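Novice: So that we are looking at the same thing, I have put the structure below in structure tokens.
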Amino acid sequence: MKKNLLNYRILVEKEKTKNGYVYVSYVPSLGISDFGKNVDEAVKNTEKAIKIYLETLVELKNDIPEMDAEEYFVVNKQVKFNTPIAIA
């Protein structure tokens, strides 16, 4: 069986819940997500979800989505906003 190495970007965000925090991971290129108690667990769970998703595509004889570019930047920027606003 031929093995391929595929590259998909996983984004992880920390989300507050009633009982503390959870880490939600998302693969924009594939439209799938998962979560975990910490970043490592969220990524590990998402890796499993990616494999299941891709295996299912192969079984259904569907195309595998194009891989993400290896060079990618995420930037957080604080923006000063002078008008009072309510943030949910």
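Novice: Restricted to segment 16-45, and to residues that are outside any strand (DSSP E or B) and closer than 14 Å to Leu6 by Cα, which residue is modelled with the lowest pLDDT? Quick ask: steps written out before the conclusion?
Specialist: Applying the first criterion (outside any strand (DSSP E or B)) to segment 16-45 yields 18-19, 28-31, 37-45.
From what is left, the residues that are closer than 14 Å to Leu6 by Cα are 29-30.
Details: Ser29: 92, Leu30: 95.
That would be Ser29.
Novice: What single numbered condition from (1) under 22 Å from Lys16 (Cα atoms); (2) over 15 Å from the mean Cα position of the chain (by Cα) fails to hold for Thr56?
Specialist: For Thr56, the exception is condition (1).
Novice: Which condition breaks for Tyr8 when tested against (1) touching a Phe, Trp or Tyr at 6+ places or on another chain (Cβ under 6 Å); (2) surrounded by 14 or more Cβ atoms within 10 Å (Cβ to Cβ)?
Specialist: (1)
Novice: Look through Lys80, Lys51, Lys44, Lys61 and report the one residue that is surrounded by 13 or more Cβ atoms within 10 Å (Cβ to Cβ), among the basic types (Lys, Arg) and free of Cβ contacts under 8 Å to residues at least 60 places away in the same chain.
Specialist: On the way: Lys80 fails: surrounded by 13 or more Cβ atoms within 10 Å (Cβ to Cβ); Lys51 fails: surrounded by 13 or more Cβ atoms within 10 Å (Cβ to Cβ); Lys61 fails: surrounded by 13 or more Cβ atoms within 10 Å (Cβ to Cβ).
Only one candidate passes the filter, namely Lys44.
The values are calculated or read from the model by the stated rules, or taken from the named source; none is laboratory data. Treat the numbers as computed from the prediction; the structure is a model and nothing was measured. Cβ sites come from the backbone with ideal geometry, for glycine too, and all protein chains shown count toward neighbours.
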